[in-house]
Each structure stands twice: as structure tokens, then as C-alpha cells.
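Trainee: Could you have a look at this structure, given as C-alpha cells, before my questions?
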Amino acid sequence: MTNLLDIDTLHQLYPQAESRRTFLVRARSIVQADRAALQQAMQQQAYTTARDVSHRLHGTSAFLAGSTEIPLKTFDDLNMALHRGDREAADAAQSCVLGYLTQLEEQLGSALE
């Protein structure tokens with residue numbers, strides 16, 4: 001499994017365990033809420049909203065990974081399809097993004113243990 005969470009940077013930013021835990025809980029909550037918002041927007045074919053949420057998730061993912069490379073590859077197809085209003089391509093790309101978010105949420109949860 002690819003590491004989607006930059007633990008070293010996280011320890012540098014939050015050296016105290018309690019503050020790190022608070023950050024991780026908040027980050028997981030944000031990812032979960034944005035995932036639900038993305039799914040809802042896609043179901044409603046609200047592509048402008050979906051694009052905004054996807055962009056926010058991309059930024060959050062890049063911050064948590066300490067890199068833009070993996071999130072860019074993951075979110076680029078979805079963002080482009082949403083920009084074009086291409087429902088079929090957006091639905092296919094959403095599946096990849098949701099898989100990525102599942103892994104990210106699992107890693108955030110593991111970091112809390």
C-alpha cells in the first residue's frame with residue numbers, strides 16, 4: 001500500500017502526541033465530510049460543486065501526503081472530466097478517487113492508534 005500520509009512531517013508540525021491526535025481526528029473528519037459531499041454532488045450531477053469539493057480534497061490530500069505527485073495523478077482525471085461536464089468519465093474517475101480516499105482514511109485511522 002502506498003503511504004498517503006507523511007508521518008515525518010506530521011511529527012515535525014505536531015511534536016506533542018495530543019496535538020498530533022487532534023490534528024489527525026480533524027483531518028479524518030474533513031476528508032470524510034468532503035467525500036460525502038463529493039458523492040452527493042456527483043449523484044445530483046452538480047458538477048460545479050463536485051469540482052469545488054474535488055479541488056479541496058486534492059489540496060487536503062497533497063498536504064497530508066507532503067507531495068502533490070500522487071494526489072495530482074489521482075484527482076486530475078476527475079477534475080478534468082468535471083470541467084468538461086463529461087459524466088461517464090467523471091463517474092469512472094470518481095471510483096479511483098473514492099478508492100484513494102478510503103486508503104487515506106484508513107491511514108489516518110491507523111496513525112491515531
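Trainee: Using 7 Å Cα-to-Cβ label points, what is the Lys73/Gln43 separation (nm, one decimal)?
Mentor: Label at Lys73, label at Gln43, 3.1 nm between them.
Trainee: Which part of region 37-60 falls in the paramagnetic zone of Thr102, meaning amide N under 20 Å from the point 7 Å along Cα-to-beta-carbon?
Mentor: Inside the label zone: 37-43, 54, 57-58.
Trainee: From the square roots a ≥ b ≥ c of the eigenvalues of the alpha-carbon gyration tensor of region 28-82, which class results: rounded (a/c under 1.5), prolate (a/b over b/c), or oblate?
Mentor: The shape class here is oblate.
Trainee: Could you work out how far helix 47-65 tilts from the main Cα principal axis of the chain, as a 0 to 90 degree angle to the nearest 10?
Mentor: 30 degrees
Trainee: Another question, then. In whole percent, what relative contact order does the chain give with Cα contacts below 8 Å and a gap of six or more residues?
Mentor: Relative contact order, the chain: 35 percent.
Trainee: About its Cα centre, how strong a charge dipole does region 8-105 have in debye, to the nearest 20, once Lys and Arg get +1 and Asp and Glu get -1 at the Cβ?
Mentor: 280 debye
Trainee: Something else: How tilted is helix 87-112 with respect to the longest principal axis of the chain? Cα atoms for both, answer in degrees (0 to 90, nearest 10).
Mentor: The helix 87-112 is inclined about 10 degrees to the chain.
Trainee: Per-residue HN-Hα couplings for region 30-44, Karplus 6.51 cos²θ - 1.76 cosθ + 1.60 at θ = phi - 60°, whole Hz, x for Gly and Pro?
Mentor: Rounded to whole hertz, the list is 5, 4, 5, 5, 5, 4, 4, 5, 5, 4, 5, 4, 5, 4, 8.
Trainee: To make sure I understand, if each residue's beta carbon is the centre and we count other beta carbons within 10 Å, what order do Thr9, Thr48 fall in, fewest to most?
Mentor: Taking fewest neighbouring Cβ atoms as first place, the list is Thr48, Thr9.
Every number here is computed from the coordinates shown, using simple stated rules; none is lab data. Computed from a predicted structure; not experimentally measured. Note that we place each Cβ from the backbone using ideal geometry, even for glycine, and neighbour counts take in every protein chain shown.
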